[in-house]
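The values are calculated or read from the model by the stated rules, or taken from the named source; none is laboratory data. Keep in mind that what you see is a predicted model, and the values were worked out from it rather than measured. Neighbour counts are summed over all protein chains in view; Cβ atoms, including those assigned to glycine, are modelled from backbone coordinates with ideal geometry.
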Amino acid sequence: MLARRLRGCAEVDRSALETVKKLGMTLVEVSLPDWPYQSLQLILFAEGAAAFEELTLDRRMNTLKAQVPDAWPNLFRQARFLSAVDFVQADRLRRKVAEEMARVLSEVDLLLVPSLRDEILTITNFTGQPSLTLRAGFVKVSQARSDWAPDSNHPLPTFNPQRRVPHGVTLIGRLFEEGTMCSVGIALEQAFGIVGERPPGF
């Protein structure tokens, strides 16, 4: 059984669902509670700030290239002002989310989601579920994508004509059951039939 998450998905994601059906797997829709998953990132920021404390305190962090508001240097600086209460509350949420993921994955064998992003990326980063991202098709883009906030001094490149780039789907498995995830991943990769495609010159 696989679970699906359709909100915001591309045509490649819908096509991947059809491929899953052709392989004889059963799709079951599941949902997660509407919780503030992004709050979990406070744990990452605090741990990162602790790991790179020396760079922050002696101002070597200022020499790093990306200095936009949500780039690592500024996140490390800001995290020094988190309270112990903030950290404990975020860790309590992490435990709650881990229990919810265990419940969801007790109902299905795997989750099939659009290529890891947004809430599901945050969730798996903090619950430890194994994940496997596969190229499932291609999309055309007119601008490069970045996870950082826009930087007017370094605008992202644009493409005219549009550039054809790979688009993936992600399998998320139960804890310590990577074998199931990898077996399904191999079957899907063979069915998608695009693993051998390379850009010119590669």
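Tabulated data
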| item | result |
| --- | --- |
| Residue satisfying all of: in the range 89-122; over 18 Å from PHE176 (Cα atoms) and over 21 Å from the mean Cα position of the chain (by Cα); surrounded by the fewest Cβ atoms within 10 Å (Cβ to Cβ) among these | ARG92 |
| Residue, modelled with the lowest pLDDT, within the range 49-88, restricted to residues that are surrounded by 15 or more Cβ atoms within 10 Å (Cβ to Cβ) and of a type in the set (Gly, Ala, Ser) | ALA71 |
| Filter result for the condition that a residue is among the acidic types (Asp, Glu), in contact with a Lys or Arg (Cβ under 7 Å, 6 or more places away or on another chain) and either within 30 Å of GLY193 (Cα to Cα) or touching a residue at least 40 places away in the same chain (Cβ under 8 Å) (or both), over GLU100, GLU29 | GLU29 |
| ALA136, sole failed condition from (1) of a type in the set (Gly, Ala, Ser); (2) out of contact with any helix residue (DSSP H, G or I) (no Cβ under 9 Å at 6 or more places or on another chain); (3) touching a residue at least 40 places away in the same chain (Cβ under 8 Å) | (2) |
| Selected residue (criterion: surrounded by the most Cβ atoms within 10 Å (Cβ to Cβ)) from residues of the range 141-191 that are part of a helix (DSSP H, G or I) and without any contact (Cβ under 8 Å) to a residue 12 or more places away in the chain | ILE186 |
| Answer residue from the range 119-133, given it is in a strand (DSSP E or B) and touching a residue at least 40 places away in the same chain (Cβ under 8 Å) and is nearest to ILE43 (Cα to Cα) among those | SER131 |
| Qualifying residue in the range 25-44 (condition: crowded, with 18+ Cβ neighbours inside 10 Å, under 30 Å from VAL141 (Cβ atoms) and of a type in the set (Phe, Trp, Tyr)) | yes |
